[in-house]
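Novice: Handing you a structure now.
The values are calculated or read from the model by the stated rules, or taken from the named source; none is laboratory data. Predicted model only: the values in this text are computed from it and were never measured. Please note: Cβ atoms are built from the backbone with ideal geometry, for glycine as well, and neighbour counts cover all protein chains shown. All accessible areas refer to the heavy atoms of the entire protein, side chains included, with ligands and DNA or RNA removed. Shrake-Rupley method; radii C 1.70, N 1.55, O 1.52, S 1.80 Å.
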Amino acid sequence: CAPTDTPLSAGELAALPGALVFASERDAVRGVYRLDFGAEAVRLSPLDADEVPLAVSPDGAALVVGRAVPAEGGALEQLVVVEADTAQALTPPRRRARHPAWSPDGRWLVFESDLDGFSDVYRVDRQGGELTRLTANPEGNFEPTVSPDGAAVLFASSRDQQAEIYRMRADGAAQTRLPGSPRDEWRARWAPDGESVVVLSNERGRDELYQMSADGVGRHRLNATRADAGAAEVLEAEPAWSPDGRSLAYSTRTRTGTGQVWRLDLADGQHHALTDSTSLNHSPTWSPDGRYLAFVSDRDGDGELYVMRADGSGLTRLTTSPGEDWMPRWVPASP
C-alpha cells in the first residue's frame, strides 16, 4: 500500500521545480490557473473566458489552452496559445479542436480537428498561421503525439473500422499501422528516448497498458506482474512516462468510481500503489526532475490538487477551493 507520513515541509514544497497550471471552477467561469509552489494560485484566463489547459511547451514559456466559444446549438472548441501575456488563436472555433502536442523544439504543434472532415490531424507553427492537414480519412484520426526527435507522429485512427495506432512522418507522409490488437487501441505515449511506446488497449475486453517498440514489435501487457491482474481487473488510464524513462505513472479506476495512482518501475516490472483505493485519484503528472508527482483527488470532498514524492510519501494538498480543480500540467522553469 502507499506510504503514509507527514506532508512536505514548507521548504521542500517551495523548492519544487517549476509550477502547475490547472483548470478550476472556483470562479463563475471555468478557467486556467497557475500555482507557483508555496504561493496562492492565480487565474491566467480572462474572467469571461471558459478555458482549460491542454499542453505546456517544452521550454515552459507557452501554454495551449482549449477555449469554449459560445455558439448556437452548443459551445465550439478553439485552441489558443498563450505566451508572454499574449493569446494567439491557432484554430477557428469548431466542434472539435483537441489534443495538441508540441514538437520537442517547441516550434510547432499537432492537434486533431474537424476543419475538413470528422476528425483529422493538423500541424501549425507556434505563432499560428497556416494549418497543414496531415491525415484525410472520413473515419477519423485522433490524439497525435510527436516523437522525441521530432521526426514522427503517432496517432489513433479508425480507418480500419476500429481505433488503432498509426505512425507517420512529421509532414504526414508514410502513414503506417503499427502491429496491434484486433480491438481498439489509443493514447499512445512515446518513451523519452523514442525507442518504445505505451498504449492503452482493449485487447482483453478492458482498458490495459501495453508496451512495444516504436515500430510496434515486441508488444507485451504491462500489468501482467501486478498482484491484482486478472478477470476482475480495474480499468487502466493516463500513462505518463517519468522524465528518465525508467518509470511509468498511471491511474486505475474501479467500476464503483474509486481510483488509484500507481508507479510502474520498468526495470523489475514492479507496480507500486501511491494512493489509497477509497477515493478517486487520477491525472498524475511528473515534475521535470522526476522526483515528484502531482495528481487530482476527491479524498477531502471535491477534486483538489495534491503532490507527493515519486515513492508516494509526503502527500500534500495544494489547493482548497469551493469548485473542482483538475487537469494539472507541470510547467518547467522557463530558461
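Novice: Output yes when any residue across the stretch 103-111 is surrounded by fewer than 20 Cβ atoms within 10 Å (Cβ to Cβ), touching a Leu at 6+ places or on another chain (Cβ under 7 Å) and assigned to a loop (DSSP other than H, G, I, E, B), and no when none is.
Specialist: The answer is no; no qualifying residue exists.
Novice: Separate question: If you check residue 191 against the conditions, is it touching a strand residue (DSSP E or B) at 6+ places or on another chain (Cβ under 7 Å), in contact (Cβ under 8 Å) with a residue 60 or more places away in the chain and open to solvent by less than 60 Å² (accessible area, probe 1.4 Å)?
Specialist: No.
Novice: Among the residues of the stretch 308-335, write down those that are under 16 Å from residue 262 (Cβ atoms) and either open to solvent by 30 Å² or more (accessible area, probe 1.4 Å) or of a type outside the set (Gly, Ala, Ser) (or both).
Specialist: Within the stretch 308-335, 308, 309, 311, 315 meet the criteria.
Novice: Under 9 Å by Cβ, and 6 or more places apart or on different chains, what pairs join a residue from the stretch 277-290 that is part of a strand (DSSP E or B) with one that is modelled with pLDDT of 95 or more and of a type in the set (Lys, Arg)?
Specialist: If the second residue must be modelled with pLDDT of 95 or more and of a type in the set (Lys, Arg), the pairs left are 284/263; 285/329.
Novice: Of 167, 219, which residue is more than 26 Å from residue 54 (Cβ to Cβ) and in contact (Cβ under 8 Å) with a residue 40 or more places away in the chain?
Specialist: The match here is 219.
Novice: Could you list, in sequence order, the residues of the stretch 11-34 that are of a type in the set (Gly, Ala, Ser), modelled with pLDDT of 95 or more and over 17 Å from residue 291 (Cβ atoms)?
Specialist: As a first pass, look at the stretch 11-34 and keep what is of a type in the set (Gly, Ala, Ser): 11, 14-15, 18-19, 23-24, 28, 31.
Then drop every residue that is not modelled with pLDDT of 95 or more, which leaves 11, 14-15, 18-19, 23-24, 31.
Result: 23, 24, 31.
Novice: Could you list, in sequence order, the residues of the stretch 163-174 that are more than 15 Å from residue 139 (Cα to Cα) and either over 22 Å from the mean Cα position of the chain (by Cα) or not in a loop (DSSP other than H, G, I, E, B) (or both)?
Specialist: Within the stretch 163-174, 167, 168, 169, 171, 172, 173, 174 meet the criteria.
Novice: Of the numbered conditions (1) in a loop (DSSP other than H, G, I, E, B); (2) touching a strand residue (DSSP E or B) at 6+ places or on another chain (Cβ under 8 Å); (3) under 29 Å from residue 290 (Cα atoms), residue 63 fails exactly one; give the number of that condition.
Specialist: (1) is the only condition that residue 63 fails.
Novice: Every residue in the stretch 36-60 that is crowded, with 16+ Cβ neighbours inside 10 Å and aliphatic (A, V, I, L, M), please.
Specialist: 41, 44, 49, 52, 54, 55, 56
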